[in-house]
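A short worksheet on the structure shown next.
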Amino acid sequence: MRLVITADTHVPKRARDLPEPLWAEIDAADVVLHAGDWVDVALLDAMRDRARRLVGVYGNNDGPDLRARLPEVARVELAGLRVAVVHETGPSARREQRCAAAYGDCDLLVFGHSHIPWDTVAPGGLRLLNPGSPTDRRRQPHATYLTARVASGRLDRVELHRLPPP
């Protein structure tokens, strides 16, 4: 099962649309995970139209229309992998410990908010992934998103993709 993991898209405030390489990955993926800050419901609709399966949550920049259609936390099982998606996890200090306590029943936690790519493992084995942002790199050298594979309850081939400047 091929995953695309993204967050903090901020369309149309930070970009008019998603970069074409990300759309191509969305078209090819089995599941797309979006960790919030869509900003406009039009992107949610476009992504739902193109993705085979979309799992998304709302973020702090998402208004009532998006909050009415998306949960704060999404939990799914993907080929035996227990996944949670949330926008915010708080400060980076002690993140692994906090997340292990809150999501210890999961194998993978996908989060956003910081626009900073993150890949760590918490006590107990919970993997934490933040894809960064494909449209608003902030202080990062590149705009980014992630891809990964899931098979038999295991996550592998996690790859951070750097996008060219707009």
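Could you give every pair whose Cβ atoms fall below 8 Å, whose first residue belongs to segment 147-160 and is within 15 Å of Val110 (Cβ to Cβ), and whose second residue is assigned to a strand (DSSP E or B) and small (Gly, Ala, Ser), counting only separations of at least 6 or pairs across chains?
Leu155/Ala148; Val158/Ala148; Glu159/Ala148
Does segment 13-56 hold any residues that are part of a helix (DSSP H, G or I) and among the aromatic types (Phe, Trp, Tyr), and which are they?
Trp23
Working carefully through the options Arg137, Arg127, Arg94, Arg98, find the one that is surrounded by 13 or more Cβ atoms within 10 Å (Cβ to Cβ) and either out of contact with any strand residue (DSSP E or B) (no Cβ under 9 Å at 6 or more places or on another chain) or of a type in the set (Gly, Ala, Ser) (or both).
Selected residue: Arg98, the only one of Arg137, Arg127, Arg94, Arg98 that is surrounded by 13 or more Cβ atoms within 10 Å (Cβ to Cβ) and either out of contact with any strand residue (DSSP E or B) (no Cβ under 9 Å at 6 or more places or on another chain) or of a type in the set (Gly, Ala, Ser) (or both).
Can you work out which of the residues in segment 28-42 that are of a type in the set (A, V, I, L, M) and out of contact with any Asp or Glu (no Cβ under 8 Å at 6 or more places or on another chain) is surrounded by the most Cβ atoms within 10 Å (Cβ to Cβ)?
Leu33
Can you name the residue in segment 1-12 that is hydrophobic (A, V, I, L, M, F, W, C) and part of a loop (DSSP other than H, G, I, E, B) and, of all such residues, is nearest to Pro131 (Cα to Cα)?
Ala7
Report, by residue number, each residue of segment 101-124 that is part of a strand (DSSP E or B) and either surrounded by 15 or more Cβ atoms within 10 Å (Cβ to Cβ) or of a type in the set (Asp, Glu) (or both).
Within segment 101-124, Leu108, Leu109, Val110, Trp118, Asp119 meet the criteria.
Please tell me if Thr147 is under 22 Å from Pro21 (Cβ atoms), surrounded by 12 or more Cβ atoms within 10 Å (Cβ to Cβ) and under 13 Å from the mean Cα position of the chain (by Cα).
For Thr147, the condition - under 22 Å from Pro21 (Cβ atoms), surrounded by 12 or more Cβ atoms within 10 Å (Cβ to Cβ) and under 13 Å from the mean Cα position of the chain (by Cα) - is met.
All of the numbers you see were taken from the coordinates with simple rules; none came from a lab. From a predicted model like this one, the values you see are computed outputs, not experimental measurements. Neighbour counts are summed over all protein chains in view; Cβ atoms, including those assigned to glycine, are modelled from backbone coordinates with ideal geometry.
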